[in-house]
Amino acid sequence: MMRTTFLPFAVTLCFLSSQAIDAQVTYPFERSDWPIPMTELDELVLGALRERGIEPANPCSDAVFIRRVYLDVIGTLPDAQEVRVFLGDGSADKRRRLIESLFTRNEFADYRALKWCDILRVKAEFPINLWPNAVQAYHRWIHDAVRTNMPYDQFARELLTSSGSNFRVPQVNFYRAIQGRDPEAIAQAVALTFMGTRLNTWPEADRANMQAFFSRIAYKKTAEWKEEIIQPDPEKTGAFNATLPDGTRVTIAEGQDPRVVFADWLLAPDNEWFARAVVNRVWSWFMGRGIIHEPDDIRPDNPAVNPQLLAYLEKELAASGYDLRHLYRIILNSRTYQQSCISRSDDPDAENLFACYPVRRLDAEVLVDALCKLGGDRESYSSPIPEPFTYIPEEQRTIALADGSITSQFLEMFGRPARDTGLESERNNEPSDAQRLHLLNSTDIHQKVTRSPVLTAILMQSRWNRSAVVDGIYLAVLSRHPTPTEMSAASRRFEAQGINMRQAAEDIFWALINTTEFLYRH
């Protein structure tokens, strides 16, 4: 528990962290001029805003940008030294180079694989029941696909059409990670994952047509514990007629795998479902909501807020050979992504039309990793059920956890998804009283602050100079320098009666961890 006499100071510091505003530009979160050129994406967004008379936000500052892009792309808080180097770089293309450098980081594959594991329901225990061996194999395949930038159409084809052992052909776990093995359950999972639509909103006849392509999948057990072979059912090989979701009638030849026919249709360059679904999903990951919202609820009566923008991104992805990093570059290098989070419009649809960057709380896994980084420790994860016993080495970061079944009070409190359904909405980033109490008053946070080697290094490197200590703490926690007003307020803490310099620094460290600026992407 922190010192009670510190609370008034903490409130003051939190207030100052978000209120340094002048008439046009909010310092230190914005800048007055754009450091990057306008792109075709920006013109499409601005066109929609002009029609509604909505003014877009100012450019975000370099300090905001480095923190935002680190958290969004690799799920990691930048080091203070990385912030210093970036802020001191005067080159015009430093934002573009930073984005490219993040693609090469190990954390890029860790964090992007985490996102896909949520969608693909990578979980050992009930109700998915992949079991630990298959979870490890499945997660490794997804991680490698992200790391090597496997084209997205190949990624989808391998998941849809692979056959073999769940231990030796990890892709077949797509079919094992579905609640239910009947054609209806499988068709629902395929539609949600690769078409961004919920099959239960379709007419009954269309649902039945879709299910036919997944009516011949067999699950065969082996002598090895928990191993299964997923393959076309050898007892159902006759020819039959089927209807694709666009109404095209096809004949499945004798001995032909209907899944392959469906995949050929879905992955065809002119198929409107495939690119639209993943483009919309990726956009929501970076911009907080889909161009069609929810990002996995595409249907005729839920139209896109900017159809031209969606069509442009679909075209770009298909033309690139379904290179997802190409899509990331287009979004991340746009002015739309690099806007401030401070809206300049009172229109209630301003954020929905992407007139500013949406403020969102950090994902549970990202937040606990950030706290551990500042506290110089690691979370301990293990799972005695199901067998074999799962033990996670302490040096492994939380964003690299393969199994959604690993129990953690912190992750559950901060809204980690259960990975039961594959819905994006399973993740809950809404704040709660329990979260606030944990951050304000828990033994865990207290120990992270008082034992922090990061704080010790700041004190040693600053040679106990008060201004240097405050500056170092701000860079480590908020990835920016303090404003003069914040510096003045924080420095007064060192003059408080009854505490030494280390304790004053701990108080400032703790106060910043509890600011919305630290807890949110902005």
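The values are calculated or read from the model by the stated rules, or taken from the named source; none is laboratory data. Given the structure is predicted, the values throughout are model-derived calculations rather than measurements. For neighbour counting, all protein chains shown are included, and Cβ atoms are generated from backbone atoms with ideal geometry for every residue, glycine included. To get the accessible areas, we keep the full protein, side chains included, count just its heavy atoms, and leave off ligands, DNA and RNA. Shrake-Rupley method; radii C 1.70, N 1.55, O 1.52, S 1.80 Å.
Before moving on, here are some points about what is shown:
- Within the chain, the selection of entire DSSP H helices by a Cα span of 15 Å or greater along the long axis and an average Kyte-Doolittle value of at least 0.0 returns 62-74, 183-194, 272-287, 307-319, 364-375, 466-478, 501-513.
- Averaged over residues, the count of other Cβ atoms within 10 Å places the peptides 32-43, 61-72 in the sequence 61-72, 32-43, highest first.
- Shown for the chain: the carbon plus sulfur share of the solvent-accessible area, taken with all protein chains present and a 1.4 angstrom probe, equals 51%.
- Cut-off 14 Å between beta-carbons: net charge of the residues surrounding THR243, Lys and Arg +1, Asp and Glu -1: -1
- Protein-only accessible surface at a 1.4 angstrom probe places the residues ASP403, ASP471 in the order ASP471, ASP403, largest first.
- Mean residue ellipticity (222 nm) of the chain, computed from DSSP H runs ≥ 4 via -39,500 (n - 2.57), nearest 500: -14000 deg cm²/dmol
- Sequence of GLU412, GLU365, GLU224, GLU379 from largest to smallest accessible area, 1.4 Å probe: GLU412, GLU224, GLU379, GLU365
- Residues within the reach of a label modelled at GLU394 (point 7 angstrom out along Cα to beta-carbon, backbone nitrogen below 20 Å), restricted to the range 455-479, are 455-457.
- In the range 143-173, trypsin sites (Lys or Arg not before Pro) in a DSSP loop with at most 15 other beta-carbon atoms within 10 Å: ARG168
- Annotation for GLN179 and SER491: the two label points, set 7 Å from Cα along the Cα-Cβ direction, are 5.8 nm apart.
- In sequence order, calculated HN-Hα J values of the range 163-172 (Karplus, 6.51, -1.76, 1.60; Hz; x Gly/Pro): 9, x, 6, 5, 8, 9, 10, x, 4, 5
- Among the chymotrypsin sites (Phe, Trp or Tyr not before Pro) in the range 312-419, those located in a DSSP loop and surrounded by at most 13 other Cβ atoms within 10 Å of their own Cβ are PHE389.
- Of the peptides 240-253, 108-121, 440-453, the order by per-residue mean of other Cβ atoms within 10 Å, starting with the highest, comes out as 108-121, 440-453, 240-253.
- Estimated FRET transfer efficiency (LYS220, VAL359; beta-carbon r; R0 45 Å; 0.05): 0.35
- Peptides 211-219, 85-93 ordered by packing proxy, namely the average of other Cβ atoms within 10 Å per residue, highest first: 211-219, 85-93.
- Per residue, the chain exposes 41 Å² of accessible surface when a 1.4 Å probe is rolled over the protein heavy atoms with every protein chain present.
- Long-range HN-HN contacts of ARG521 with modeled amide H, under 5 Å: ARG360, ARG361, LEU362
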